[in-house]
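Notes follow the structure.
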Number of protein chains: 2
Amino acid sequence: LVANRFPRIYGILNGTCNYILTQMEELDAPYAEVLAEAKRLGYAEADESLDVDGWDTAHKASVLAWLAHGVWVRPDQMIVEGIGRITPADFVNAASLGFGIKLLAVITRDFETNEIVVRVHPTLLPENNVIARVSGVFNAISVTGDVVGTTLYIGRGAGQDATASAVISDIADAAALLRRGTGAHFIGEEGPPPGGNCRMAPAQRIRGRYYVRMTVTDRPGVLARVAAVMARHRMSIASVIQTPAAQSGAASLVLTTHESDERSMQAALRSMVALESVREAPLLLRIGDFGD
Amino acid sequence: LVANRFPRIYGILNGTCNYILTQMEELDAPYAEVLAEAKRLGYAEADESLDVDGWDTAHKASVLAWLAHGVWVRPDQMIVEGIGRITPADFVNAASLGFGIKLLAVITRDFETNEIVVRVHPTLLPENNVIARVSGVFNAISVTGDVVGTTLYIGRGAGQDATASAVISDIADAAALLRRGTGAHFIGEEGPPPGGNCRMAPAQRIRGRYYVRMTVTDRPGVLARVAAVMARHRMSIASVIQTPAAQSGAASLVLTTHESDERSMQAALRSMVALESVREAPLLLRIGDFGD
């Protein structure tokens, strides 16, 4: 892909999270139950936070951004959100809207402004996107080059055999590099890749569509109040799903939005939390309209 | 993938053929019409035979077999069949059985007998196989390693930009090799890959399921005669589809078989051609039950 620049790279980089999300969806099972099973199978570490909170994915996104753009982006410079608050009901809601839910790393670069954005978050992907159907411990990366178009790479991302295979491959690479005497550049043997003169875009400016699920007091007028908050922040609502919630006297309210920006969405969320009828911090997921 | 041996590698290696098959399926359009459009778009060469008869795919399969197994298999040592006799009706038949049709290269190695088989032919792939859904000029390769499991690679396989990207990449590789002074091993820089002590299995022994479509005289008793031929060769029929054919007084008869071997299937085909009611050489497609 040496002839290419990369406007977009995205994918599933953590097999543990994808296993958990797939099991939750297929078995209609809660997060905690599936996580315990993943630990038993050796797919999740004893301390699962590095995986499920998105940090492992962020580390890998950092490596990918360096390979593609020649800049090191630290995880604390990215939006990083994990999968711990997703419920089986979110999969039902997403499916009714034509989406699956995947934890994605998304690396985008605008070659006009020369700005790069790296982010990690659970994403609603259209069901006809191949990556939406990559299940279990499999990882998948979609790499869009400006010349070659989109290429896709899929393989196991967790489990002792797949990990052993990758480790042996790394050792073989290291041995080959040592024998050639070209030193310790394990990533990008020939020195840093070109194109390093880009800068981070402020997260506030990221544009996209959103999925917001909140637990609200089940009484007339709540949707009107929530809709008024959205309107005040110039967020346009695309769809609404209202279902009974587990808590008594509560309802689950799911909104999807048309395209907006992160600043407006976050401001609307803060206003929503301040509403008396909103019982807990809303869950925000992002919608990935990647087209392929 | 250096830690792996490869029991199976298969995929779509020719973007032109995949474009033609996809268009035939989506537009319900005949082969000749779609081929003409592919030439107009620059996806097919003026002389299309290298693509559509499977030879380009066979050349690429030969390279893959060398990389994976360290042996050069010549195209004349492979089963190589093209796409020229497939009709839009075959896509309808295949879909009704739960399959798509793709021109595949299939490289299998049995590590107990140490035999390798390389073949190129249109294949019925189950619709839930990701490769069955790879459409247009995209290529896809499924590589099953004994340690890492199955990995999948998808990208554009025809068109001037994708080709230019690949050519520039090859030139960059060549330049890097020259600079290092390691000579002209463009494939397998370090000399031939290991594992070269395998031999070709006789094609007669390949096992699999088959799809046979024939044009027969539309009169009572024809299916009985065809079924008798199949039984004589110990071929077990899995399904039968009989539809009116374009020729007057003719019917299209489609059989699928349970697992058998190439020798029995070819012998049955020869007996079928000898039947008075069979109007032309049957079309044989293979069914790819690859599991992933």
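Quick notes
Residue-by-condition table, conditions (1) over 30 Å from B:ALA251 (Cα atoms); (2) among the hydrophobic types (A, V, I, L, M, F, W, C):
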| site | (1), (2) |
| --- | --- |
| B:VAL34 | no, yes |
| B:GLU37 | no, no |
| B:GLY42 | yes, no |
| B:ALA46 | yes, yes |
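- Checklist (1) surrounded by 22 or more Cβ atoms within 10 Å (Cβ to Cβ); (2) hydrophobic (A, V, I, L, M, F, W, C); (3) over 15 Å from the mean Cα position of the chain (by Cα) applied to A:MET78, failing item: (3)
- Within the range A:4-39, the set of residues being more than 19 Å from the chain's Cα centre (by Cα) and within 10 Å of A:PRO88 (Cα to Cα) comprises A:GLU26, A:LEU27, A:ASP28, A:ALA29, A:PRO30.
- Unmet criterion (only one of (1) in contact with a helix residue (DSSP H, G or I) (Cβ under 9 Å, 6 or more places away or on another chain); (2) surrounded by fewer than 19 Cβ atoms within 10 Å (Cβ to Cβ); (3) at positive phi; (4) not aromatic (Phe, Trp, Tyr)) for A:GLY70: (1)
- Taking the listed residues A:GLY136, A:GLY159, A:GLY84, A:GLY98, the one that is more than 10 Å from chain B (Cβ to nearest Cβ) and closer than 21 Å to B:VAL143 by Cα is A:GLY136, with no other qualifying.
- Taken as a whole, the condition of being out of contact with any strand residue (DSSP E or B) (no Cβ under 8 Å at 6 or more places or on another chain), within 14 Å of another protein chain (Cβ to nearest Cβ), assigned to a loop (DSSP other than H, G, I, E, B) and under 17 Å from A:GLY159 (Cβ atoms) does not apply to A:TYR19.
Conditions (1) out of contact with any Gly (no Cβ under 9 Å at 6 or more places or on another chain); (2) of a type in the set (Gly, Ala, Ser); (3) over 15 Å from B:GLY288 (Cα atoms), marked per residue:
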site: B:PHE99; (1), (2), (3): no, no, no
site: B:VAL106; (1), (2), (3): no, no, no
site: B:GLU115; (1), (2), (3): yes, no, yes
site: B:THR123; (1), (2), (3): no, no, no
site: B:ASN128; (1), (2), (3): no, no, no
site: B:ASN139; (1), (2), (3): no, no, yes
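- Any hit, the range A:98-105, residues being out of contact with any Pro (no Cβ under 8 Å at 6 or more places or on another chain) and not small (Gly, Ala, Ser): no
- Residues satisfying the stated conditions in the range A:51-74, i.e. under 24 Å from A:PRO88 (Cβ atoms) and not β-branched (Val, Ile, Thr): A:ASP51, A:ASP53, A:GLY54, A:ASP56
- Criterion (surrounded by fewer than 21 Cβ atoms within 10 Å (Cβ to Cβ) and of a type in the set (A, V, I, L, M)) met by exactly one of B:ALA105, B:ALA95: B:ALA95
- Check on A:GLU37, among the charged types (D, E, K, R), modelled with pLDDT of 95 or more and outside any loop (DSSP other than H, G, I, E, B): no
- Residues of the range B:1-16 that are closer than 18 Å to B:HIS59 by Cβ and more than 14 Å from every other protein chain (Cβ to nearest Cβ): B:TYR10, B:LEU13, B:ASN14, B:THR16.
- For the range A:139-158, residues that are in contact with a Lys or Arg (Cβ under 8 Å, 6 or more places away or on another chain), under 29 Å from A:GLY42 (Cα atoms) and small (Gly, Ala, Ser) total 1.
- Among the residues of the range B:199-247, the one identified as of a type in the set (Ser, Thr, Tyr) and not in a strand (DSSP E or B) is B:SER236.
- The condition (being outside any loop (DSSP other than H, G, I, E, B), within 14 Å of chain A (Cβ to nearest Cβ) and in contact with a Leu (Cβ under 9 Å, 6 or more places away or on another chain)) is satisfied by just one residue among B:THR123, B:THR144, B:THR151: B:THR151.
Condition check ((1) acidic (Asp, Glu); (2) surrounded by fewer than 17 Cβ atoms within 10 Å (Cβ to Cβ); (3) farther than 30 Å from B:ALA95 by Cα; (4) modelled with pLDDT of 90 or more) across all residues:
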site	(1), (2), (3), (4)
B:THR163	no, yes, yes, no
B:ASP173	yes, yes, yes, no
B:GLY183	no, yes, yes, no
B:GLU190	yes, yes, yes, no
B:PRO193	no, yes, yes, no
B:VAL226	no, no, no, yes
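Conditions (1) among the aromatic types (Phe, Trp, Tyr); (2) out of contact with any strand residue (DSSP E or B) (no Cβ under 8 Å at 6 or more places or on another chain); (3) touching a residue at least 40 places away in the same chain (Cβ under 8 Å); (4) within 18 Å of A:GLY221 (Cβ to Cβ), marked per residue:
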site	(1), (2), (3), (4)
A:ALA245	no, no, no, yes
A:ALA250	no, no, no, yes
A:LEU253	no, no, yes, yes
A:THR256	no, no, yes, no
A:MET272	no, no, yes, yes
A:VAL278	no, no, yes, yes
A:LEU283	no, no, yes, no
A:ASP289	no, no, yes, no
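- Number of residues in the range A:140-151 that are at pLDDT below 95 and touching a helix residue (DSSP H, G or I) at 6+ places or on another chain (Cβ under 7 Å) equals 4.
The values are calculated or read from the model by the stated rules, or taken from the named source; none is laboratory data. Not measured: the values here are computed from a predicted model. Quick reminder, even Gly has a Cβ in these numbers, built from the backbone with ideal geometry, and neighbours come from all protein chains shown.
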